[in-house]
Amino acid sequence: MTAMIEVTAVNKHFGDAHVLRDVNLEVAAGEVVVVVGPSGSGKSTLCRCLNRLETVTSGEVRIDGRPLPREGRELARLRSEVGMVFQSFNLFGHRTILDNVALGPIHVGKRDKARARADGLELLERVGIADQAGKYPAQLSGGQQQRAAIARALAMRPKVMLFDEPTSALDPEMVSEVLDVMVGLAADGMTMVVVTHEMGFARRAADRVVFMDSGQIVESGSPDEFFTDARSERARTFLAKVL
Ligand code: ADP
Ligand code: MG
């Protein structure tokens, strides 16, 4: 089995705060890992270290066998290989939905414009919002905007997709339309790291659940193991609150 993501002995400090503590994590190609844990436990920081939005203080992160590049062209390539979807949709407000999806491939990927737009429409189809292609982000519902953000990340043809609480900012009735797209991606074999409080998604789509607390990975196991047989007191306390 090839590891798509390898996190080895990673530590991260923000000033005096020791936010990631000796974190080790391997994610196989095609694996879906759901990361759960209390607020402030380091989930977002871990995600951000995977695409180098943050640098690690010590340790190493490899994507598809290669250490994270420091800067320049190599870093831009990494960013396109590791797609990220955030809680806030971060679409360009003054661009149409299709532009949002096609601009990355055109400018960063140096792809042919007509081709990028055709591919973009196909991706919008895949996330179920092809009919919104000509609209601006503010004209879409939150769920539609988040699906556009997923299409935008996919347009770069990433090897890995990171999701950091992608449904936390959505009205409840829009959560499932976004999760359904993610379940589809998982079924198509995308390597995914998903930070979420949606335990239903974890049960449905995760190959593995990782529980973090105070900057450490405290447990890692199948959804079944985690939900029915969490070993640590910290995980049990967490589960009692979210289930
Ligand atoms: P989670 O996503 O699990 O809620 P975070 O990774 O966002 O946790 O944060 C982990 C810890 O790191 C928190 O104590 C947070 O305050 C701190 N932290 C995160 N980002 C920064 C930053 N840029 N500067 C200083 N502290 C930060
Ligand atoms: Mg977070």
Please count how many residues of the range 29-53 are more than 16 Å from PRO69 (Cβ to Cβ) and within 12 Å of ligand 1 (Cβ to nearest atom). 13
Working only within the range 111-145, note down all residues that are part of a loop (DSSP other than H, G, I, E, B), out of contact with any Ser or Thr (no Cβ under 7 Å at 6 or more places or on another chain) and open to solvent by 40 Å² or more (accessible area, probe 1.4 Å). ARG111, ASP112, GLY128
Conditions (1) in contact (Cβ under 8 Å) with a residue 40 or more places away in the chain; (2) among the hydrophobic types (A, V, I, L, M, F, W, C); (3) touching an Asp or Glu at 6+ places or on another chain (Cβ under 8 Å); (4) outside any strand (DSSP E or B) -> PHE211 fails only (4)
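Give the residue that is nearest to ligand 2 (Cβ to nearest atom), with candidates limited to residues of the range 18-53 that are assigned to a strand (DSSP E or B) and among the acidic types (Asp, Glu). Can you show your working first?
Going residue by residue through the range 18-53, those that are assigned to a strand (DSSP E or B) are 18-28, 32-36.
Those still in the list that are among the acidic types (Asp, Glu) too: 22, 26.
Details: ASP22: 20, GLU26: 22 Å.
For the range 18-53, the residue satisfying everything is ASP22.
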Can you tell me which residue is farthest from ALA149 (Cα to Cα) among those in the range 61-86 that are touching a residue at least 60 places away in the same chain (Cβ under 8 Å) and open to solvent by less than 50 Å² (accessible area, probe 1.4 Å)? GLY65
Have a look at GLY200, GLY189, GLY184 and point out the one that is away from ligand 2 (no atom under 16 Å from the Cβ), outside any helix (DSSP H, G or I) and not hydrophobic (A, V, I, L, M, F, W, C). GLY189
Given the condition surrounded by fewer than 16 Cβ atoms within 10 Å (Cβ to Cβ), without any contact (Cβ under 8 Å) to a residue 60 or more places away in the chain, over 22 Å from the mean Cα position of the chain (by Cα) and assigned to a loop (DSSP other than H, G, I, E, B), answer yes or no: does some residue in the range 225-240 qualify? yes
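Which residues, counting only those in the range 87-110, are in a loop (DSSP other than H, G, I, E, B) and open to solvent by less than 60 Å² (accessible area, probe 1.4 Å)?
Our first condition is that a residue be in a loop (DSSP other than H, G, I, E, B); within the range 87-110, this holds for 87-96, 108-110.
Hits for the range 87-110 are PHE89, LEU91, GLY93, THR96, GLY109.
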Which of (1) away from ligand 2 (no atom under 15 Å from the Cβ); (2) in a strand (DSSP E or B) is the odd one out, the single condition VAL175 does not satisfy? (2)
If I go through the range 186-216 residue by residue, how many of them are within 16 Å of ligand 1 (Cβ to nearest atom) and open to solvent by 50 Å² or more (accessible area, probe 1.4 Å)? 4
In the range 39-54, the residues that are free of Cβ contacts under 8 Å to residues at least 40 places away in the same chain and either in contact with a Ser or Thr (Cβ under 6 Å, 6 or more places away or on another chain) or over 22 Å from PHE238 (Cβ atoms) (or both): ARG52, LEU53
Based on this model, can you work out whether VAL56 counts as at pLDDT 90 or above, surrounded by 16 or more Cβ atoms within 10 Å (Cβ to Cβ), within 16 Å of ligand 1 (Cβ to nearest atom) and assigned to a strand (DSSP E or B)? no
For the range 155-166 the number of residues that are surrounded by fewer than 24 Cβ atoms within 10 Å (Cβ to Cβ) and farther than 19 Å from ALA28 by Cβ is 4
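Could you tell me whether MET174 is more than 17 Å from the chain's Cα centre (by Cα) and crowded, with 18+ Cβ neighbours inside 10 Å?
Working: more than 17 Å from the chain's Cα centre (by Cα): yes; crowded, with 18+ Cβ neighbours inside 10 Å: yes.
So MET174 fits the description; yes.
The values are calculated or read from the model by the stated rules, or taken from the named source; none is laboratory data. All values reported here derive from a predicted model rather than from experimental measurement. When we count neighbours, we look across all protein chains shown, and the Cβ atoms used for this are built from the backbone with ideal geometry, even at glycine. The accessibility values were calculated without ligands, DNA or RNA, using every heavy atom of the protein model including side chains. Shrake-Rupley method; radii C 1.70, N 1.55, O 1.52, S 1.80 Å.
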